[in-house]
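Here is the structure we will look at, set down as structure tokens.
The values are calculated or read from the model by the stated rules, or taken from the named source; none is laboratory data. Remember, predicted model here, so these are calculated numbers, not experimental data. Glycine gets a Cβ as well: all are built from the backbone with ideal geometry, and neighbour counts include every protein chain shown. Heavy atoms of the whole protein, side chains included, go into the accessibility calculation; ligands, DNA and RNA do not. Shrake-Rupley method; radii C 1.70, N 1.55, O 1.52, S 1.80 Å.
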Amino acid sequence: MAGQIRAIRGMRDILPPETSRWQWVEQVAREVFDLYGYRELRLPLLERTELFSRSIGVDTDIVAKEMYTFPDRHGDSLTLRPEATAQVVRAALENRLDRAPGVQKLYTLGPMFRYERPQKGRYRQFHQINCEALGADAPDLDAEVILMLMEILGRLGLTQVRLFLNSLGCPECQQDFKARLKLFLRTKEGWCDDCFRRREINPLRVLDCKSAHCQGLLKGSPVLKDCLDEACAGHYARVLELLNRFRVPYEENPRLVRGLDYYTRTAFEVVAAGLGAQDAVAGGGRYNGLSQELGGPELPAIGFAIGQDRLLEVLPPEAGRISPPKVFLAALGDAARDRALGLLQDLRRWGLAAEMDFQGRSLKAQMSLADRLGAIYVIILGNRELETGQAVLRRMATGGQEQVALKELPAILANFISGKV
Ligand code: ATP
Ligand code: MG
């Protein structure tokens, strides 16, 4: 026999009933996005490699080691998207969304791909809920975006979180900071290979090195806050002021930089208790220069991405495990089965989730199937019931039974279930 084919390492099948939790998270996010005026984009999973190398930065972990890149049959270099922001900006520019009046508020949901070492909370295909607001540099928008993120997490019941915040300044502030940081990094020895190389060419990246040793060497390094010019400092202060006003708890983390090169000014990350080493559930920030790097006009913007896999790992297992109240039709004999098919459709027309057996089970086996499916009511239909135009309605929780006219069943059940009687 041929060997069984398995899924690719780091890529998971997400199965029922777990999928109902995924749908619930997406539903809650969509509701909040609607309230804040965000609209959905559906974007391709493949893009030209250059989109990511140009925007994320060639010397970031994502571009240097984590991308799924391959030539297509024509020889063009394509990449499975590792993140959504660059793609949303590409799509907005290409479809001229940026020319419409007002801030363009966009969101997108779906899988991302990174060739990382698979472990708890880290997959090669993972899923993000992503939002981007394009077209304004106002700190009030930064605050709104962060409030919206916390609203989504709050509605999902995720309360044990810490919001970390920093300002990365504008490119001028960053230049000043990088010069100071380089001097500091040269004074220390023992960096990992990546940091050793990056401390000269891309020193900001040393700050988000995952190695505990490098993090230790960074004690006492210069911080961005000391390099912010007046405008960037003012912007940051206003964001903090608004978070205070709306009572969003946050902690400043002066060494937070995020793993992509395009961030400017506000950067943030949400970390959840109980996730172990992979504890970031969401991250985001402002990226005022990204549009220009992609050949577009000036388009200041801010956004975030929620890691849906990790989010679901930290939520209690019962959260979002919702299934509609169900009715099971147990039929005995061919005539009853045939009649049951019509009744099944009637029940569904009344908005009731209804099922029956298609494998010729005995009544006893049908009852245990109903139980396993979580049916609230079972309708028992035999030839005798058919003759009298009635059926037995059994309430599973109590075992109580009554005779009900077939005609009236859908209406009775719809009433029962909507009132949860
Ligand atoms: P980390 O520091 O954990 O690698 P990141 O900074 O690379 O995260 P972002 O690019 O900011 O992550 O993506 C936003 C969110 O997506 C993260 O906070 C995380 O929840 C999730 N995420 C990122 N990479 C993975 C992955 N390989 N598997 C599962 N979730 C991920
Ligand atoms: Mg990462």
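Under the convention that each Lys and Arg Cβ holds +1 and each Asp and Glu Cβ holds -1, the size of the dipole of the chain around its Cα centre is about 960 debye. Working from label points 7 Å from Cα in the Cα-to-Cβ sense, the residue 31 to residue 68 distance is 3.3 nm.
Compared with the alpha-carbon gap, the fully stretched path from residue 229 to residue 341 is longer by 33.0 nm at 0.36 nm per residue.
Near residue 127, the amide H atoms lying under 5 Å from its own belong to 112, 308, 309; only residues 5 or more places off or on other chains count, and H is placed 1.01 Å from N. What region 355-409 shows is 58 Å² of accessible area per residue, with the surface traced by a 1.4 Å probe over protein heavy atoms. Would you mind getting me the FRET efficiency between residue 197 and residue 403? Use the beta-carbon distance for r and R0 = 60 Å, nearest 0.05. Given R0 = 60 Å and the Cβ-Cβ separation, E is 0.15. Its alpha carbons considered, region 326-416 gives a radius of gyration followed by a Dmax of 11.6, 30 Å.
Take the Cβ atoms of residue 11 and residue 273, set R0 to 30 Å, and the FRET efficiency comes out at 0.65.
The charge dipole of region 100-206, taken about its Cα centre with unit charges on the Cβ atoms of Lys, Arg (+1), Asp and Glu (-1) only, comes to about 720 debye.
Ordering 316, 163, 214 by the projection of their Cα atoms onto the charge dipole of the chain, which places +1 on the Cβ of Lys and Arg and -1 on the Cβ of Asp and Glu, puts 316 at the extreme positive end. Multiplying the residue separation of residue 411 and residue 20 by 0.36 nm and removing their Cα-Cα distance gives an extension gain of 138.0 nm. Expressed as a whole percent, the accessible surface of the chain that belongs to carbon and sulfur atoms is 52, based on a 1.4 Å probe. Simple spin-label estimate for residue 362 and residue 252 gives 7.4 nm between the two label positions (7 Å along the Cα-to-Cβ direction from each Cα). Once the chain from residue 372 to residue 241 is taken as fully extended at 0.36 nm per residue, the excess over their C-alpha distance is 41.8 nm. For the peptides 185-192, 341-348, the ranking by mean Cβ contacts within 10 Å, running from highest to lowest, is 341-348, 185-192.
Per-residue ellipticity at 222 nm, computed for the chain from helices alone with -39500 (n - 2.57) per DSSP H run of at least four residues, works out to -11000 deg cm²/dmol.
Here the dipole of region 61-162 is about 520 debye; that uses its Cα centre as origin and unit charges on the Cβ of Lys and Arg (positive) and Asp and Glu (negative).
Please give the FRET efficiency for residue 179 paired with residue 318, using the beta carbon to beta carbon distance and R0 = 41 Å, rounded to the nearest 0.05.
Taking R0 as 41 Å, the efficiency between residue 179 and residue 318 is 0.20.
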